[in-house]
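For reference, the structure is listed below as structure tokens.
The values are calculated or read from the model by the stated rules, or taken from the named source; none is laboratory data. The shown structure was predicted, so the numbers you read here are calculated from the model rather than taken from an experiment. For neighbour counting, all protein chains shown are included, and Cβ atoms are generated from backbone atoms with ideal geometry for every residue, glycine included.
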Ligand SMILES: [Mg+2]
């Protein structure tokens with residue numbers, strides 16, 4: 001089966017009012033995606049999604065569209081997708097894209113996940129089977145990632161999350177440290193002592209601020225300190241880990257295998273957060289997770305508030321990858337719940353802390369292209 005055509009659709013989708021995100025990166029009230037449709041010479045359709053957030057990855061919907069339309073797609077036309085060894089086909093796709101452009105993680109991941117979708121459809125198998133088969137159930141536990149809200153809102157949201165059954169709550173910090181500490185304390189009081197509490201600074205703190213905050217929050221039993229310090233500063237994150245004894249997770253500074261290697265070389269983290277969009281594809285995420293496993297470093301998934309296609313890509317990766325430790329450290333895998341409307345004719349089941357992928361061939365998402373076309377990002 002050969003790639004015959006590639007279409008790109010920039011879209012914008014508002015977040016539900018009570019799901020709007022505030023973090024060290026700023027406010028996030030609507031998402032912008034490029035939805036990708038790859039057609040083959042045997043008329044199969046593969047779907048991919050790039051969540052484009054410039055302050056996170058440097059990519060914009062217009063940049064992603066131009067990168068795919070003008071640079072990546074022309075190089076992929078005619079390429080063979082062979083189900084005998086899907087990893088070989090995907091590696092060839094990745095090599096072709098990497099030879100043309102560095103980075104552009106989300107643009108590449110959209111094309112790569114569409115190719116996995118096609119390989120699964122051609123083989124009549126879900127993508128997790130192509131990745132080696134399931135090692136955990138198709139129902140995946142998720143944490144809730146709460147914005148850096150004022151105390152009244154944080155308290156109300158924490159109460160609602162407990163009622164919805166979440167056993168892990170992540171709180172955004174990384175801003176003014178006194179307010180951050182007060183927010184985390186409020187959430188801990190509201191969720192009680194048993195539930196897990198994760199905090200995420202999105203690079204917003206210095207090492208000294210993070211160490212101070214974690215000392216102040218000792219009685220709140222923070223399970224994971226996610227990305228306390230700036231991108232690229234391996235010594236700073238390692239310093240936080242050494243000084244506090246709190247588990248440190250690298251996220252915003254780990255896009256590829258080289259970053260993962262450097263993190264380990266610096267003893268900089270206990271955990272690494274991955275997901276296909278950020279890492280440039282399912283295979284590349286998997287490569288990082290397997291590398292981490294060989295060094296006894298666990299992984300879980302982060303998120304850029306994906307829609308159904310990229311959430312399914314995360315789900316298939318989790319189901320087939322033992323070292324994605326979502327039972328102990330639930331990840332962010334309920335992006336579709338953030339949005340006013342969905343993209344799939346049969347949406348993923350996202351029910352409080354549970355997200356369920358299907359055993360249908362490919363990624364299992366039947367895209368409603370009318371919805372995509374009706375919500376352009378211009
Ligand atoms: Mg994060």
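Given the options 116, 56, 62, name the one that is in contact (Cβ under 8 Å) with a residue 24 or more places away in the chain, within 16 Å of the ligand (Cβ to nearest atom) and either part of a helix (DSSP H, G or I) or under 17 Å from residue 311 (Cβ atoms) (or both). So that I can check it myself, show each step before the final result.
Details: 116 fails: within 16 Å of the ligand (Cβ to nearest atom); 62 fails: within 16 Å of the ligand (Cβ to nearest atom).
Matching residue, one of 116, 56, 62: 56.
With respect to residue 219, determine if the residue is at pLDDT 95 or above, assigned by TED's automatic domain parsing to the domain that holds residue 273 and within 16 Å of the ligand (Cβ to nearest atom). Give the steps one after another, and end with the answer.
On the way: at pLDDT 95 or above: yes; assigned by TED's automatic domain parsing to the domain that holds residue 273: yes; within 16 Å of the ligand (Cβ to nearest atom): no.
For residue 219, the condition - at pLDDT 95 or above, assigned by TED's automatic domain parsing to the domain that holds residue 273 and within 16 Å of the ligand (Cβ to nearest atom) - is not met.
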Residues of region 167-183 classified as touching a helix residue (DSSP H, G or I) at 6+ places or on another chain (Cβ under 8 Å) and in contact (Cβ under 8 Å) with a residue 60 or more places away in the chain, total: 2
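Considering only region 184-204, state which residues are under 27 Å from residue 162 (Cβ atoms) and within 16 Å of the ligand (Cβ to nearest atom). Even if it seems obvious, please write down each step before you answer.
So the first thing to find is which residues in region 184-204 are under 27 Å from residue 162 (Cβ atoms), and the list is 184-202, 204.
Result: 184, 196, 197, 198, 199, 200, 201, 202, 204.
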Candidate set from region 246-269 (those that are under 16 Å from the mean Cα position of the chain (by Cα), assigned to a loop (DSSP other than H, G, I, E, B) and within 16 Å of the ligand (Cβ to nearest atom)); member that is surrounded by the fewest Cβ atoms within 10 Å (Cβ to Cβ): 255
Counted residues, region 16-39 - those being modelled with pLDDT of 85 or more, outside any loop (DSSP other than H, G, I, E, B) and surrounded by fewer than 19 Cβ atoms within 10 Å (Cβ to Cβ): 3
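Output yes when any residue across region 282-291 is more than 17 Å from residue 314 (Cβ to Cβ) and either modelled with pLDDT under 95 or more than 16 Å from the ligand (Cβ to nearest atom) (or both), and no when none is. First the steps, then the outcome.
Taking region 282-291 first, the residues more than 17 Å from residue 314 (Cβ to Cβ) are 291.
Now drop any that are not either modelled with pLDDT under 95 or more than 16 Å from the ligand (Cβ to nearest atom) (or both), which leaves 291.
Taking every residue of region 282-291 in turn, at least one turns out to be more than 17 Å from residue 314 (Cβ to Cβ) and either modelled with pLDDT under 95 or more than 16 Å from the ligand (Cβ to nearest atom) (or both).
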Candidates 158, 107, 154, filtered to the one that is touching a helix residue (DSSP H, G or I) at 6+ places or on another chain (Cβ under 6 Å), outside the structural domain of residue 284 (by TED's automatic domain parsing) and either part of a helix (DSSP H, G or I) or surrounded by fewer than 20 Cβ atoms within 10 Å (Cβ to Cβ) (or both): 107
Single unsatisfied condition, residue 357 versus (1) surrounded by fewer than 24 Cβ atoms within 10 Å (Cβ to Cβ); (2) modelled with pLDDT of 95 or more: (1)
